[in-house]
Amino acid sequence: MESLVVNILNGVSSGLLLFMLSSGLTLIFSMMGVLNFAHASFYMLGAYFAYAITGWVGFWPALVLAPLAAGLLGALFERFSLRRVHPFGHVPELLVTFGLSYVVLELVRLVWGPSAVDYRVPDALAGPLFTLAHVQGQGLQMVWGMAPDSLCGPAAGASCTQFPAYRAFMAGVALFMLGSIWLLLTRTRVGLIIQAALTHPEMAQALGHNVPRVMMGVFGGGCALAGLAGVIGGNAFVTEPNMATSVGTIIFVVVVVGGMGSLAGAFVASLLIGLIQTLAVTV
């Protein structure tokens, strides 16, 4: 029973990480109509940038700086490459983003090598958040942090399962990001300008708003969300050059299952796929 509870929580945290990754792709598609085949590459860049920055100043500054770097690169790509092919339709957009994914892959291999890097969970979040123990005759018990040997030691006879603190941190960051996006798009003037620029670009331009700059900001913001997912997912799993390929297919499945351009649908689909993946492996 305790293993099932922890596996469900692990599935939810994995699903929330998938949502963090797929939300940027969903926003870009819903607002710009661009299906970014290089989206998973920004996830990989976020992980590698965080690995490099962590070696200099630590994990917590990297949590902010790495997504900003990934978002800046995404904005520059939209400004100097994607914007030039946008008038010619979706096929050139797909081709240029597909080509970018290969360029990023080769640059990562050139800079950091073909093998996995030692990007670790920060020490403050390395232990368990809580331990579930099934004690014979006493039912299920929960202990915050590491359970004592008197409860989970070899002589105690209890079945114990730990839930990592970093998994809870991943889920918390994803939920904070979801709330921030919703507030930005629905409760702020910036969100109103973004929606106006994307639904009525001529009117927004006539009112003095720079529509191309809004498009660049939306694309860069979506790439920053992918970079943030890489920061907190790269050390939870493996940071290596093929990580973009391993998650690229999954995030497109999430976007399709949740409904193209639907942020709420992507949230539900991410949780569903995260639970299915985790329970299929552990149960």
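The values are calculated or read from the model by the stated rules, or taken from the named source; none is laboratory data. Because the structure is predicted, anything quoted here is derived from the model rather than measured. So basically every Cβ, Gly included, is an ideal-geometry build from the backbone, and we count neighbours across all protein chains shown.
Quick notes
- Only listed residue being among the small types (Gly, Ala, Ser), farther than 19 Å from residue 235 by Cα and not assigned by TED's automatic domain parsing to the domain that holds residue 270, chosen from 89, 145, 99, 172: 145
- When 244, 229, 236 are checked against the criterion of being part of a loop (DSSP other than H, G, I, E, B), in contact (Cβ under 8 Å) with a residue 12 or more places away in the chain and among the small types (Gly, Ala, Ser), a single residue qualifies: 236.
- Selection from region 3-39 of residues that are among the small types (Gly, Ala, Ser) and within 13 Å of residue 253 (Cα to Cα): 15, 22, 23
- Region 35-59, subset surrounded by fewer than 24 Cβ atoms within 10 Å (Cβ to Cβ) and not in a helix (DSSP H, G or I), residue modelled with the lowest pLDDT: 35
- Among residues of region 125-183, those that are in a strand (DSSP E or B) and modelled with pLDDT under 90, counted: 16
- Taking first residues from region 30-54 that are under 14 Å from residue 108 (Cα atoms) and in the same structural domain as residue 253 (by TED's automatic domain parsing) and partners that are hydroxyl-bearing (Ser, Thr, Tyr) and part of a helix (DSSP H, G or I), the Cβ contacts under 6 Å between residues at least 6 apart in sequence or on separate chains come to 38/97; 38/101; 41/101.
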